[in-house]
Amino acid sequence: MTDVAGDDALGDRQGYELAAALRRGETSASEILEATLRRIEEVDGSVRAYLRVTADEGRAQAAAVDERLRAGGELPAVAGIPIAVKDVFCTKGIRTTAGSRILEPYVPPYDCTPWARLSAAGAVMTGKTNCDEFAMGSSNENSAFGPVHNPWCLDAVPGGSSGGSAAAVACGEAVWALGSDTGGSVRQPAALCGVVGLKPTYGRISRYGLIAFASSLDHVGTFARSVRDTATLLSAIAGHDPMDATSLPDPPRDYTEGLDAGVGGLRVGVVEDWLSMEGTEPGVRDAFQAGLDALERLGANVVPVKLPHADYALSAYYLIAPAEASSNLARYDGVRYGLRVEGDGVVEMNTRTRGAGFGDEVKRRIILGTYALSAGYYDAYYGQAQKVRTLVIRDFRQAFADADVIAAPTSPTTAFRIGERADDPLAMYLSDVFTIPADLAGIPAISIPCGVDGEGLPVGFQLMGKLLDEPTVLRSAHALEQELAFAQRPALVSSRG
Amino acid sequence: MAVDIDLEHVARLARLQLTEEERARFGPQLELILEHARKVGEVAADDVPPTSHPVPRANVYRGDEPRPCLTHEEALSNAPDPFEGRFRVPRIVEDE
């Protein structure tokens, strides 16, 4: 890589390339940021990935990195890399809305731990990205601030709920991004936008400062354009945090180590029922099969596994997640932060505030969750759903006796058209059918692009691993990525086919 | 058996104002979702214990050490109606 200075496509480079160029003195953090800001200026009018571009904050962070470079200091791996942050992460002094009217004016007085760690290591924030309201959705259409457009086909959704983060990384509006994954909200948009999305083990990355949706399911996740970059980003933010009681005490590690060890002899489990499932598009099945073939060429052994209760996982999820959400979202009551709509007495003020501040999908889930937890229904709904969760975890334990990783398509379909599923919540929920089981079980899972369908839209290949076995997940995803050499980039066109 | 959900009652429990139009739209949607969700009852036998967290941890305590926290001003900085260093809310108790 030579003469990258002045290159407008710097935001398109891999983070490890930029890091090397920085250390060779071929570019500066400020140049990288300015090129990325120019790309945002150029394309975000049609993509709408960002709710807020934080150019001033970014410029100050980049200048500080350049200062450290000039002083000849050692830089952490993430220093100078432009990173977009989903608007569900609290960022000190930078407005954070969770895609909701009810938090529209909210300016957090503190930083979430993932961004605090990145910031301390010299990462550069590009802005806060659009998302489904309170991360509830699979298309980004539930944002109170308008939809995000898929860079591969602007009429289509980017997936959700971290749609803005996925779209930004797909078209070079950021090199990396942070997202959150409760039912697939990192992996599904990564698949639909043709980038790499990782949801590590539950508790591996602190959630302190992540606006809560469903606490037993919420995970922090990452977006990048390669598995190597994903491993670097994970290494920078993983690890125990005393501020999050669910954060795991296991010591952090360098996840880039061992990436190149290959997959010879690795047992790759495949859930055959999933491939024949109604609703899985032929284009998805073909690209997934090509990925499996590639793993076999590399010496992996594909073995059938069964997850007999996976059929029930979706049902369990759509009880557990709304139940926890109905409790978590009780805090938006017009008292301490966010919107207030006045009323006669405190109950009327609470009720009006929430009626005016929440959008359709959030209201549906609050009602669903309140109902599932209410007297007389708790045992039949929430209690039963928690038992199904046990069965799903047992299924995985059984399957991992025969397989080192489990492979599946990330989503049964490629990107669908904006508006296509908006009036049919149940059809929308089915978008998450292959991602939800890993959230219920808390196991690490990654989505990498494995090809395109007949319309030229990207397909995601998902690899799931045992609890805390991120190294095997990353190693197998890296091997597959190298073998497939998927190099297509989004065309930013308005329709396809 | 169709799922019957008393929207007015549940919305009151959730302190959530719904318009008539929203009630008419959400009702059938929620019934359809609950029909699907009820499938959980088909497999969850009595001898299966419930799971609340995928990676169970118990008795997680932080060291009891003083550390910096938000200032009074910061804590009130987002309040819709701060008043003399406090969060002001509409009347809670009815006049005697």
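Condition first: among the small types (Gly, Ala, Ser) and more than 7 Å from chain A (Cβ to nearest Cβ). Now tell me which residues in segment B:4-41 satisfy that.
Answer for segment B:4-41, where residues must be among the small types (Gly, Ala, Ser) and more than 7 Å from chain A (Cβ to nearest Cβ): B:Ala24, B:Gly27.
Residue under question is A:Phe134, and the condition is that it be at negative phi and aromatic (Phe, Trp, Tyr); does it hold? If you could, list the steps in order and put the result at the bottom.
Details: at negative phi: no; aromatic (Phe, Trp, Tyr): yes.
Considered against the rule, which asks whether it is at negative phi and aromatic (Phe, Trp, Tyr), A:Phe134 comes out as no.
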Of the residues in segment A:446-497, those that are of a type in the set (Phe, Trp, Tyr), assigned to a loop (DSSP other than H, G, I, E, B) and buried (at least 24 other Cβ atoms within 10 Å of the Cβ) number 0
In the set B:Arg15, B:Arg23, B:Arg57, B:Arg86, the lone residue that is more than 30 Å from A:Pro444 (Cα to Cα), out of contact with any helix residue (DSSP H, G or I) (no Cβ under 6 Å at 6 or more places or on another chain) and not hydroxyl-bearing (Ser, Thr, Tyr) is B:Arg86
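Any residue in segment A:176-187 that is of a type outside the set (Ser, Thr, Tyr), within 21 Å of A:Ser495 (Cβ to Cβ) and not in a strand (DSSP E or B)?
As a first pass, look at segment A:176-187 and keep what is of a type outside the set (Ser, Thr, Tyr): A:176-179, A:181, A:183-184, A:186-187.
With within 21 Å of A:Ser495 (Cβ to Cβ) added as a condition, the list becomes none.
No: zero hits.
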Practice item. Kindly indicate whether A:Thr414 is within 14 Å of chain B (Cβ to nearest Cβ), touching a Leu at 6+ places or on another chain (Cβ under 7 Å) and of a type in the set (Ser, Thr, Tyr). Key: no
By residue number, the members of segment A:414-445 that are buried (at least 21 other Cβ atoms within 10 Å of the Cβ), touching an Asp or Glu at 6+ places or on another chain (Cβ under 7 Å) and in a loop (DSSP other than H, G, I, E, B) are A:Thr414, A:Pro444
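Mind counting the residues in segment B:64-84 that are part of a loop (DSSP other than H, G, I, E, B), more than 8 Å from chain A (Cβ to nearest Cβ) and surrounded by 10 or more Cβ atoms within 10 Å (Cβ to Cβ)? Outline the logic, then answer.
Residues of segment B:64-84 that are part of a loop (DSSP other than H, G, I, E, B), as a first pass: B:64-71, B:77-81, B:84.
Still in the running and more than 8 Å from chain A (Cβ to nearest Cβ): B:64-69, B:71, B:84.
Now narrow it down to the ones that are surrounded by 10 or more Cβ atoms within 10 Å (Cβ to Cβ): B:71.
Counting residues in segment B:64-84 that are part of a loop (DSSP other than H, G, I, E, B), more than 8 Å from chain A (Cβ to nearest Cβ) and surrounded by 10 or more Cβ atoms within 10 Å (Cβ to Cβ) gives 1.
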Subset of segment A:288-306, residues in a strand (DSSP E or B) and surrounded by 14 or more Cβ atoms within 10 Å (Cβ to Cβ), comes to A:Asn301, A:Val302, A:Val303, A:Val305
The number of residues in segment B:47-60 that are among the hydrophobic types (A, V, I, L, M, F, W, C) and more than 8 Å from chain A (Cβ to nearest Cβ) is 1
For segment A:345-360, pairs from a residue that is more than 8 Å from chain B (Cβ to nearest Cβ) to a residue that is polar (S, T, N, Q) and part of a loop (DSSP other than H, G, I, E, B), with Cβ under 8 Å and 6 or more apart or across chains, are A:Gly357/A:Ser100; A:Gly359/A:Ser100; A:Gly359/A:Asn142
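Does segment A:382-394 hold any residues that are more than 7 Å from every other protein chain (Cβ to nearest Cβ) and either surrounded by 24 or more Cβ atoms within 10 Å (Cβ to Cβ) or within 25 Å of A:Ala427 (Cβ to Cβ) (or both), and which are they? Break it down stepwise before answering.
At the first step, the residues of segment A:382-394 found to be more than 7 Å from every other protein chain (Cβ to nearest Cβ) are A:382, A:392, A:394.
Those that are more than 7 Å from every other protein chain (Cβ to nearest Cβ) and either surrounded by 24 or more Cβ atoms within 10 Å (Cβ to Cβ) or within 25 Å of A:Ala427 (Cβ to Cβ) (or both): A:Tyr382, A:Val392.
In this structure, does A:Leu248 turn out to be of a type outside the set (Phe, Trp, Tyr), in contact (Cβ under 8 Å) with a residue 60 or more places away in the chain and touching an Asp or Glu at 6+ places or on another chain (Cβ under 9 Å)?
Details: of a type outside the set (Phe, Trp, Tyr): yes; in contact (Cβ under 8 Å) with a residue 60 or more places away in the chain: yes; touching an Asp or Glu at 6+ places or on another chain (Cβ under 9 Å): no.
No.
Inside segment A:229-262, can you point out the residues that are touching a helix residue (DSSP H, G or I) at 6+ places or on another chain (Cβ under 9 Å), among the hydroxyl-bearing types (Ser, Thr, Tyr) and part of a loop (DSSP other than H, G, I, E, B)? Talk me through it step by step, then tell me what you get.
Here is the first cut: in segment A:229-262, the ones touching a helix residue (DSSP H, G or I) at 6+ places or on another chain (Cβ under 9 Å) are A:229-234, A:236-239, A:241, A:243-244, A:247, A:252-262.
Then drop every residue that is not among the hydroxyl-bearing types (Ser, Thr, Tyr), which leaves A:230, A:232, A:247, A:255-256.
A:Ser247, A:Tyr255, A:Thr256 - these are the residues of segment A:229-262 that are touching a helix residue (DSSP H, G or I) at 6+ places or on another chain (Cβ under 9 Å), among the hydroxyl-bearing types (Ser, Thr, Tyr) and part of a loop (DSSP other than H, G, I, E, B).
Quick check, is A:Asp250 within 14 Å of another protein chain (Cβ to nearest Cβ), more than 16 Å from the chain's Cα centre (by Cα) and over 20 Å from A:Ala477 (Cα atoms)?
Numbers: within 14 Å of another protein chain (Cβ to nearest Cβ): yes; more than 16 Å from the chain's Cα centre (by Cα): yes; over 20 Å from A:Ala477 (Cα atoms): yes.
Judged against the criteria, A:Asp250 is a match.
Sort out which residues of segment A:361-380 are more than 16 Å from B:Arg25 (Cα to Cα), in a helix (DSSP H, G or I) and either without any contact (Cβ under 8 Å) to a residue 40 or more places away in the chain or more than 7 Å from chain B (Cβ to nearest Cβ) (or both), and write them in order of number. Quick ask: steps written out before the conclusion?
From segment A:361-380, those more than 16 Å from B:Arg25 (Cα to Cα) are A:369-380; that's our starting set.
If we keep only those that are in a helix (DSSP H, G or I) too, we end up with A:369-373, A:379-380.
Within segment A:361-380, A:Gly369, A:Tyr371, A:Ala372, A:Leu373, A:Asp379, A:Ala380 meet the criteria.
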Exception for A:Pro105 within (1) away from every other protein chain (no Cβ under 14 Å); (2) surrounded by fewer than 17 Cβ atoms within 10 Å (Cβ to Cβ) falls at (1)
Inset, instruction - Please work out if A:Cys193 is touching a residue at least 60 places away in the same chain (Cβ under 8 Å), in contact with a strand residue (DSSP E or B) (Cβ under 7 Å, 6 or more places away or on another chain), over 18 Å from A:Ser100 (Cβ atoms) and buried (at least 24 other Cβ atoms within 10 Å of the Cβ). - result: yes
Given the conditions (1) more than 7 Å from chain A (Cβ to nearest Cβ); (2) small (Gly, Ala, Ser); (3) in a loop (DSSP other than H, G, I, E, B), every one holds for B:Ala44 apart from (1)
- Message: Given the criteria touching a Cys at 6+ places or on another chain (Cβ under 9 Å) and not basic (Lys, Arg), does A:Ala415 qualify?
- Response: yes
The residue that is farthest from B:Arg12 (Cα to Cα), considering only those in segment A:306-344 that are without any contact (Cβ under 8 Å) to a residue 60 or more places away in the chain and acidic (Asp, Glu), is A:Asp311
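Values in this text are rule-based calculations from the coordinates and carry no lab data. It should be emphasised that the depicted structure is a prediction, and the values quoted were computed from it without experimental measurement. In this analysis, Cβ positions are derived from the backbone assuming ideal geometry, glycine residues included, and neighbour counts consider all displayed protein chains.
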